[in-house]
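Chemist: Quick one: structure below, then a few questions.
The values are calculated or read from the model by the stated rules, or taken from the named source; none is laboratory data. Remember, it's a predicted structure, so these values are computed and weren't measured experimentally. Note: ideal-geometry Cβ built from the backbone for every residue, glycine included; neighbour counts use all protein chains shown.
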Amino acid sequence: MTTEGADRARARRLISLQALGGALAGVAVAGLVVLGVVLVGQRRDLDSQLRELVATTPTEGLPAGTWVVTVDASGSRSATTGAPEEALEQQEQVEAARRLPKARITELQAGAREYQTMTAVRRGVVVQAGVELGPYEGERHRLLVGLLLAAVGAGAVALWLGTRLARRAVGIWEQALTRQRRFVADASHELRTPLARIALRADLVQRRLATDRARSADVEQEEWSRLASDVALLRREATGLADVVEDLLAAADLDESPESGELVDLATLARDVASRNEVLAEQRQRTLGLEVEEVPPVRGAEPALRRAVDALVDNALRHAESRVVLGVRTAEGWAGGTAGGAPMVVVTVDDDGPGFAAGDTDRVFERFVRGTASSEHGFGIGLSLVRDVVLRHQGTVTAQTAPGGGGRVEVRLPVAQA
């Protein structure tokens, strides 16, 4: 499964789980409210029955599950039908009840049955009334079972609906991505031919100029040089646009499968980028150094990586005082925070400019961000595009302070697996 396919599957699962969680949370809240209302109602009903039994002290016609036991001043004990023997059976219980300032509510376990009791003294007579808790517990049990069944039903329905909604939502997303990819591919293919023609025409004009320059003595050599430079620039820009088109196509392939792409020699790429930027460095009165080691290839889109390195060099030339150094080397990867992971190819671009402020090392990769230090230049979208390219190639990019002062941007890309 491709990375994009895994993202879509993850999105579908997330939407389904959110729907399920929402339904279960709703049932849980409703269940707690209902259970709370039922418990409060049962407690009030128990208190009402017990107070009525203690106040009236009936001897017959009691509701099922209730009883009354009395002990008079002489110690004579009488009980209604169904009263447990444990109710006021000991003299100590009676004496303790006589010392109570007010009625006391307790629970009484008699065999397998449990009662809630109220004990009070009425006109010298100790009265204890009890109500069996079994029916109330049964009601709570049935309520909990009902809530559990409701949660299961609601969860099943929510999961089904969530799955359908997730497929529909992700389907719309897939259609949008497909249309976007198709547009990029179509636009790129349509641009290929005219760009190739522009480059060919510029090449032919450049050759014709070289021939005519040798034949003509009437035109000033400076004018010939200026015209030849303009044509060379036109050809270079046409080639750059063609690289952008190739990058768009390669990006679509990488999004489809990150393992696809060609083997790219970053050492050769860095040398070519440095050669292309020599004129720009001279125009900005900077020197462009090169510290390149032979490194193993990485896998990816060569035009995209070329544009990323070119953007780093261009950014460094804009911020440097006098010197920029482009370096390529091999380093160990990092696994779990310690060295010893897969080998990486490291590309560094150092400049002797003001460097990055403490709060800018992460912000510089955002679009159109401006540094916290005073500067006439922002970072535009160049570094943001670099980050996108590097992340698409399963790499990392960081901004830090160069060893000799100034700024450094470091890109780490995994070495292509054999």
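Chemist: Output yes when any residue across the stretch 360-374 is outside any strand (DSSP E or B) and modelled with pLDDT of 80 or more, and no when none is.
Modeler: Residues of the stretch 360-374 outside any strand (DSSP E or B): 360-374.
Imposing the further condition that a residue be modelled with pLDDT of 80 or more reduces the set to none.
There is no residue in the stretch 360-374 that is outside any strand (DSSP E or B) and modelled with pLDDT of 80 or more.
Quick grid of which residues meet (1) modelled with pLDDT under 85; (2) farther than 30 Å from residue 13 by Cβ:
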| position | (1), (2) |
| --- | --- |
| 92 | yes, yes |
| 95 | yes, yes |
| 107 | no, yes |
| 120 | no, yes |
| 134 | no, yes |
| 158 | yes, no |
| 169 | yes, no |
| 191 | yes, yes |
| 195 | yes, yes |
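Chemist: Hey, can you tell me all the residues within the stretch 55-69 that are out of contact with any helix residue (DSSP H, G or I) (no Cβ under 8 Å at 6 or more places or on another chain) and either outside the structural domain of residue 102 (by TED's automatic domain parsing) or within 25 Å of residue 140 (Cβ to Cβ) (or both)? Break it down into steps so the answer makes sense when it comes.
Modeler: Here is the first cut: in the stretch 55-69, the residues out of contact with any helix residue (DSSP H, G or I) (no Cβ under 8 Å at 6 or more places or on another chain) are 55-61, 64, 67, 69.
Residues satisfying the conditions are 64, 67.
Chemist: Of the residues 159, 148, which is touching a residue at least 12 places away in the same chain (Cβ under 8 Å) and outside the structural domain of residue 35 (by TED's automatic domain parsing)? First the steps, then the outcome.
Modeler: On the way: 148 fails: touching a residue at least 12 places away in the same chain (Cβ under 8 Å).
After applying the criteria, what remains is 159.
Chemist: Quick check on this structure: which one of 62, 108, 100, 39 is in contact (Cβ under 8 Å) with a residue 60 or more places away in the chain and either closer than 30 Å to residue 144 by Cα or surrounded by fewer than 17 Cβ atoms within 10 Å (Cβ to Cβ) (or both)?
Modeler: From the options 62, 108, 100, 39, the qualifying one is 39.
Chemist: Being in contact with a Lys or Arg (Cβ under 7 Å, 6 or more places away or on another chain) and on the phi < 0 side of the Ramachandran plot: is that true of residue 134 here? Don't jump to the end; show me each part of the working.
Modeler: Numbers: in contact with a Lys or Arg (Cβ under 7 Å, 6 or more places away or on another chain): yes; on the phi < 0 side of the Ramachandran plot: yes.
Yes; evaluated as a whole, the condition is true for this residue.
Chemist: Okay, moving on. Report, by residue number, each residue of the stretch 255-306 that is among the acidic types (Asp, Glu) and at pLDDT 90 or above.
Modeler: The first filter runs over the stretch 255-306 and keeps only residues among the acidic types (Asp, Glu), leaving 255-256, 259, 262, 265, 272, 278, 282, 291, 293-294, 302.
Correct list: 265, 272, 291, 293, 294.
Chemist: Just the residues that are hydroxyl-bearing (Ser, Thr, Tyr) and under 13 Å from residue 122 (Cβ atoms), please, taken from the stretch 47-103. Please lay out each step first, then the result.
Modeler: Here is the first cut: in the stretch 47-103, the ones hydroxyl-bearing (Ser, Thr, Tyr) are 48, 56-57, 59, 66, 70, 74, 76, 78, 80-81.
Answer for the stretch 47-103, where residues must be hydroxyl-bearing (Ser, Thr, Tyr) and under 13 Å from residue 122 (Cβ atoms): 56, 57, 70.
Chemist: Confirm whether residue 119 is assigned by TED's automatic domain parsing to the domain that holds residue 26 and among the hydroxyl-bearing types (Ser, Thr, Tyr). Explain how you work it out, then say what you get.
Modeler: Numbers: assigned by TED's automatic domain parsing to the domain that holds residue 26: yes; among the hydroxyl-bearing types (Ser, Thr, Tyr): yes.
Criteria met by residue 119.
Matching residues to (1) modelled with pLDDT under 90; (2) over 30 Å from residue 153 (Cα atoms):
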position: 28; (1), (2): yes, no
position: 33; (1), (2): no, no
position: 47; (1), (2): no, yes
position: 75; (1), (2): yes, yes
position: 103; (1), (2): yes, yes
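Chemist: From 301, 311, which residue is within 15 Å of residue 383 (Cβ to Cβ) and of a type outside the set (Asp, Glu)? Let's see the steps before the verdict.
Modeler: On the way: 301 fails: within 15 Å of residue 383 (Cβ to Cβ).
Going through 301, 311 in turn, just one is within 15 Å of residue 383 (Cβ to Cβ) and of a type outside the set (Asp, Glu): 311.
Chemist: OK, next. Being closer than 25 Å to residue 26 by Cα and either modelled with pLDDT of 70 or more or surrounded by 14 or more Cβ atoms within 10 Å (Cβ to Cβ) (or both) is true for just one of 242, 154, 232, 176. Which residue is that?
Modeler: Details: 242 fails: closer than 25 Å to residue 26 by Cα; 232 fails: closer than 25 Å to residue 26 by Cα; 176 fails: closer than 25 Å to residue 26 by Cα.
Of the residues listed, the single one that is closer than 25 Å to residue 26 by Cα and either modelled with pLDDT of 70 or more or surrounded by 14 or more Cβ atoms within 10 Å (Cβ to Cβ) (or both) is 154.
Chemist: Residues 128, 90: which one is touching a residue at least 60 places away in the same chain (Cβ under 8 Å) and among the polar types (S, T, N, Q)?
Modeler: After applying the criteria, what remains is 128.
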